[in-house]
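Inspection log for the structure reproduced underneath, given as structure tokens.
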């Protein structure tokens, strides 16, 4: 009887304390996916201008044959350079894994491969940004205006979605 009483008292006293713990803050670096989206919005808008995206909408944008030819060449060149950068990144990630799995890992070797893989992935991403800038320059003002309207519409939807997904404060 005494053991059951102690268990009941223990449960009764610890449950309210656990329930009173504050909710962990959500923020950019705290694991909040919405915060990450906010941080990436400037790049996301620019990515609307990547050659693959523009070519997929060539009819809706009214791209000329010359624009299609130039965008196709830009897409192909960018893709080849990105593939090379990602192959380099993969190689460094495999080397990083090998260094980390060693009996006594060398943090210097792990860091070297981590930084090299990160730089290669950054180069691949930069190629997308650069490609989008070059592709945007190939468009007419009317085509850029149409894309901006699509982007604004998408942003309005994202803002509405983000608002709906915010957790309500507990009382």
Would you tally the residues in the stretch 59-78 being exposed (fewer than 15 other Cβ atoms within 10 Å of the Cβ) and farther than 15 Å from residue 137 by Cα? 6
Taking the condition of being surrounded by fewer than 16 Cβ atoms within 10 Å (Cβ to Cβ) and part of a loop (DSSP other than H, G, I, E, B), how many residues in the stretch 130-171 meet it? 7
Would you confirm, using the coordinates I've provided, whether residue 96 is at pLDDT 95 or above, surrounded by 13 or more Cβ atoms within 10 Å (Cβ to Cβ) and in contact with a helix residue (DSSP H, G or I) (Cβ under 7 Å, 6 or more places away or on another chain)? no
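The values are calculated or read from the model by the stated rules, or taken from the named source; none is laboratory data. Because the structure is predicted, anything quoted here is derived from the model rather than measured. Because the Cβ atoms are built from the backbone with ideal geometry, glycine has one as well, and the counts that use them run over all protein chains shown.
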